[in-house]
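Report on one structure; see the data block that follows.
The values are calculated or read from the model by the stated rules, or taken from the named source; none is laboratory data. Just so we're clear, the structure is a prediction, and the values are computed from it rather than from any experiment. Glycine gets a Cβ as well: all are built from the backbone with ideal geometry, and neighbour counts include every protein chain shown.
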Amino acid sequence: MAPGTGPVHEALAALPLVDHHCHGAVTADLSPEAFASLLTEGAAWPGVSPWDTPAGLAVRRHCAPLLDLPRHAPPEAYLDRRTALGHAEAGRRFLTAAGAEVFCVDTGYAPHPLTSPAELARAAGAAAFEVVRLEQLAEAVAARGVEPGEYAAVFRSAAEDAVRRPDVVAVKSVAAYRTGFALDPRRPADAEVTEAAARWLTAGGRLTDPVLVRHLLWTAVELGLPLQLHTGFGDADLRLHHADPALLTDWLRLTSGTVPVLLLHCWPYHRQAAYLSAVFEQVYLDVGLALHHTGPARCRAVLEEALEITPFRKLLYSSDAYGLAEFHHLGALCFRGALAGLLQDRVDADELTLSDALRIAAWTGRDNARRLYGPPVSEPASDPSGRPTRKV
């Protein structure tokens with residue numbers, strides 16, 4: 001059988017995906033410098049172009065043909081063609097090529113103007129739902145003004161209001177960025193929260209107080225929706241060794257039997273995340289972000305390591321695409337090819353039946369997310385206002 005062919009490849013190529021964690025796409029044409037900056041989680045340094053990375057090479061190889069360019073088109077030709085088409089048309093091509101039927105969109109990080117979930121859905125011909133970032137909500141509460149003794153109740157009320165919206169399917173925390181996960185796992189006492197709120201409200205700035213981050217995580221559990229947690233790989237604002245999900249072990253013991261906890265991205269701690277998913281009922285994971293940053297040449301290795309011990313009902317697909325619609329497409333392309341390749345090889349080696357492989361492919365690409373976030377639908381659903389209903 002030729003590489004990249006077989007019934008598992010065919011099934012995954014045709015499977016409508018649920019991208020359970022991503023961001024919007026840019027809503028303006030980009031300068032060469034701005035485009036290059038979005039190719040990387042780092043920065044463009046003198047003499048080091050973000051195009052000369054696995055992600056940059058993957059864009060030239062796998063995205064250029066969608067802009068009617070030859071494979072491996074040089075960056076200058078790529079950007080000229082993208083600008084000639086315009087950001088809206090280029091975005092539409094990449095988003096539809098991703099083949100996702102649902103996008104779950106984190107709206108809490110937007111240093112660039114981005115599509116809303118509804119705009120992303122229209123461009124993709126799909127449905128989209130919102131993931132509420134809780135740190136942003138807490139900071140909005142502080143910015144409006146609140147007494148330290150009232151902070152906990154006001155934040156809880158704001159969070160409850162946010163998750164009541166019919167298009168919201170999950171909440172997210174970036175505690176990995178703000179404090180790391182080496183936190184006291186216990187729910188903080190009311191007096192601790194008031195004292196910490198007084199310090200923060202006086203000092204201002206981002207939410208980085210460990211007590212208030214603990215309070216935020218416990219509030220998330222009480223909201224009852226799936227909780228997404230950034231872990232592992234991220235930008236330079238992160239201390240990577242503090243983002244190891246294994247540091248959450250004691251907190252996961254205390255929150256057992258509550259809400260699903262979805263460990264996002266995970267690399268290079270995807271094996272630790274896999275362990276947690278194997279021993280805690282509520283833990284799930286993905287390897288989004290690592291997929292397009294390792295590119296088709298190496299994403300299979302990451303996915304295969306994540307699947308060494310992960311129960312097959314515990315792995316989900318995400319792209320974590322931000323800004324460049326190319327990454328919505330590349331995330332899906334890398335995921336389909338990597339998962340199909342490793343499953344087809346196991347079928348060929350008689351380690352899996354074909355029916356087992358097809359079931360695992362559907363679970364991972366779509367059905368695990370549907371089970372966690374809401375009942376399945378075959379068509380994008382909207383209420384009379386045009387917003388999607390709360391079904392994934």
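Checking each residue in segment 83-100 for being part of a helix (DSSP H, G or I), closer than 25 Å to His21 by Cα and either touching an Asp or Glu at 6+ places or on another chain (Cβ under 7 Å) or touching a residue at least 24 places away in the same chain (Cβ under 8 Å) (or both) picks out His87, Ala88, Ala90, Gly91, Arg92, Arg93, Phe94, Leu95, Thr96, Ala97, Ala98.
Of the residues Asp190, Asp167, which single one is closer than 25 Å to Thr107 by Cβ and in contact (Cβ under 8 Å) with a residue 24 or more places away in the chain?
Details: Asp190 fails: closer than 25 Å to Thr107 by Cβ.
Residue meeting the stated conditions: Asp167.
When segment 73-99 is filtered for residues that are on the phi > 0 side of the Ramachandran plot and within 24 Å of the chain's Cα centre (by Cα), only Gly99 remains. Within segment 255-276, the set of residues being part of a helix (DSSP H, G or I) and either under 14 Å from the mean Cα position of the chain (by Cα) or surrounded by 23 or more Cβ atoms within 10 Å (Cβ to Cβ) (or both) comprises His270, Ala273, Ala274, Leu276. Within segment 68-103, the residues that satisfy the criterion of being of a type in the set (Ser, Thr, Tyr) and buried (at least 17 other Cβ atoms within 10 Å of the Cβ) are Tyr78, Thr96. Against the condition in contact with a strand residue (DSSP E or B) (Cβ under 8 Å, 6 or more places away or on another chain), in a helix (DSSP H, G or I) and modelled with pLDDT of 95 or more, how does Ala301 come out, does it pass? Criteria not met by Ala301. Considered as a group, the residues in segment 361-371 that are of a type outside the set (D, E, K, R) and in contact with a strand residue (DSSP E or B) (Cβ under 9 Å, 6 or more places away or on another chain) include one that is nearest to Gly331 (Cα to Cα), and that residue is Gly365. Within segment 53-66, residues that are under 16 Å from Arg336 (Cβ atoms) have Cβ atoms under 8 Å from residues that are of a type in the set (Ser, Thr, Tyr) in these pairs: Cys63/Tyr78, counting only partners at least 6 apart in sequence or on another chain.
Looking at segment 38-50, is at least one residue at pLDDT below 95 and either among the acidic types (Asp, Glu) or closer than 22 Å to Leu315 by Cβ (or both)? Checked against the condition, which is being at pLDDT below 95 and either among the acidic types (Asp, Glu) or closer than 22 Å to Leu315 by Cβ (or both), segment 38-50 yields at least one hit. Note on segment 352-376: residues that are outside any helix (DSSP H, G or I) and either among the small types (Gly, Ala, Ser) or modelled with pLDDT under 95 (or both) amount to 3.
Among the residues of segment 338-360, is there at least one that is within 16 Å of the chain's Cα centre (by Cα), of a type outside the set (Lys, Arg) and buried (at least 17 other Cβ atoms within 10 Å of the Cβ)? The answer is no; no qualifying residue exists. Collect the residues in segment 163-210 that are in contact with a Pro (Cβ under 7 Å, 6 or more places away or on another chain), crowded, with 19+ Cβ neighbours inside 10 Å and in a helix (DSSP H, G or I), keeping them in residue-number order. Passing the criteria: only Ala197.
Only one of these is buried (at least 24 other Cβ atoms within 10 Å of the Cβ) and in contact (Cβ under 8 Å) with a residue 60 or more places away in the chain: His230, His242, His293. Name it.
Selected residue: His293, the only one of His230, His242, His293 that is buried (at least 24 other Cβ atoms within 10 Å of the Cβ) and in contact (Cβ under 8 Å) with a residue 60 or more places away in the chain.
Taking residues in segment 127-154 that are farther than 22 Å from Ala191 by Cβ and without any contact (Cβ under 8 Å) to a residue 40 or more places away in the chain, and partners anywhere that are part of a helix (DSSP H, G or I) and aliphatic (A, V, I, L, M), the pairs with Cβ atoms closer than 7 Å and at least 6 places apart or on different chains are Leu137/Ala158; Leu137/Ala159; Leu137/Ala162. Can we say Gly234 is more than 18 Å from the chain's Cα centre (by Cα) and of a type in the set (Gly, Ala, Ser)? When the stated conditions are applied, Gly234 does not pass them.
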